[in-house]
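Participant: Quick one: structure below, then a few questions.
No value in this document is a laboratory result; all are computed from the given coordinates. What you see is a predicted model; the values in this text were computed from it and never measured. Every residue, glycine as well, gets a Cβ built from its backbone with ideal geometry; the counts of neighbours run over all protein chains shown.
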Amino acid sequence: MSTTEQCPVCRAPNTTRQGAGTNTFELNCPRCGRYHIQALAETQLLNNRPAFPPQHLLSGLCRNMWDILGDKLLITVDLFKSWVELDVAAKIAIPRDTDLVTKGDYLIRFMRRKSKSLADVVVFTPNELSVGFCANKNEFQFCLNYLVSKGLIEEDTTHKQAGAFTYRLTPSGWATIDTPPPLKEKTQAVVALIPGKDGDLFWTQGVSVALAAVGLTAVRADTKESSNKVTDELIVALRKARCVIADLTGQNPLVYFQAGLALGMGKPLFWICEASELADKKLLVETRQYIITPWTRDKLPEFAARLAARIEASLG
């Protein structure tokens, strides 16, 4: 039996609740979508809201995991501890607050899902703030203006609704999302990691599985020829790569250098790191600004699934 109440995440009314297990409930919120929450976590959100994560990020994670993957996030008190715990639970990329590109990408892909024909208009109500992980109406408008400036969407003034934004995809927006890759599209992903780190299992059950799931072939940067220096062959591999994976475990200087080369070439870069090292908060990469996918030796299949979902959410 379901009841109607206020959402503990975003405080939206008209949220329905039903049981989903021992001390766990399933909620269906007009802003956050469908998600599961444990009783203790709900009590904290309602009575003594934790400082982390910000409401709009938790709401955006619930909404987009449901909209994109059809998966219900389970909110537990562990998610209130750190970025590490939140990223472990997430199956999609969580944009940091200044990550305009990722927020814009979520918005334009939402528009594609809502558009059945080329000229369809998409109406954004306040409930869609969560689609772009936006904290307020001003930030939401800023992200939409960014997409307009890129020529991907345009405002529609003929279907205006009070308190809502109305936009449609432009021809360039449709082409960006729907055009299949050309036959010569890059299908390699270069992986920069410490030579020999964690043997073959990390490679075969973790990274390679994740990349194969999104149609990419993994190419190691730590070959015998390039493990101690940057060779011409490595530079060629980076130029050919669709994206680059950089493992920060051990903070090898060469991994950072290879990641820097990738960024200089404009390659999408995905950071990964062993979970205990990430939790120590001693990485040279600022974890509040960059998404780092944690991995553990005993849960490589779960890591592979998270990394694959993150790459697919970013690259499409």
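Participant: Hey, could you check region 21-54 for residues that are over 20 Å from Asn127 (Cα atoms) and hydroxyl-bearing (Ser, Thr, Tyr) and say which is surrounded by the most Cβ atoms within 10 Å (Cβ to Cβ)?
Facilitator: Thr24
Yes/no per residue for (1) in contact with a strand residue (DSSP E or B) (Cβ under 7 Å, 6 or more places away or on another chain); (2) of a type in the set (Lys, Arg):
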| site | (1), (2) |
| --- | --- |
| Glu5 | yes, no |
| Arg31 | no, yes |
| Ala90 | no, no |
| Leu107 | no, no |
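Participant: Tell me, which strands (runs of 3 or more DSSP E) lie completely within region 73-188 with 2 or more residues that are under 30 Å from Ala304 (Cβ atoms)?
Facilitator: In region 73-188, 73-75 are the strands (runs of 3 or more DSSP E) which contain 2 or more residues that are under 30 Å from Ala304 (Cβ atoms).
Participant: Related question: Right, His56: touching a Phe, Trp or Tyr at 6+ places or on another chain (Cβ under 8 Å), closer than 28 Å to Arg310 by Cβ and part of a strand (DSSP E or B) or not?
Facilitator: Criteria not met by His56.
Participant: Let me ask something additional. For the condition among the basic types (Lys, Arg) and within 30 Å of Lys299 (Cβ to Cβ), what is the one hit in Lys81, Lys114, Lys137, Lys160?
Facilitator: Just a single option satisfies the conditions, and that option is Lys81.
Participant: Also: Just to be sure I understand, how many residues within region 306-316 are surrounded by 15 or more Cβ atoms within 10 Å (Cβ to Cβ) and not in a helix (DSSP H, G or I)?
Facilitator: 0
Participant: Taking region 247-305 as the search range and keeping residues that are acidic (Asp, Glu) and not in a helix (DSSP H, G or I), which one is surrounded by the most Cβ atoms within 10 Å (Cβ to Cβ)?
Facilitator: Asp247
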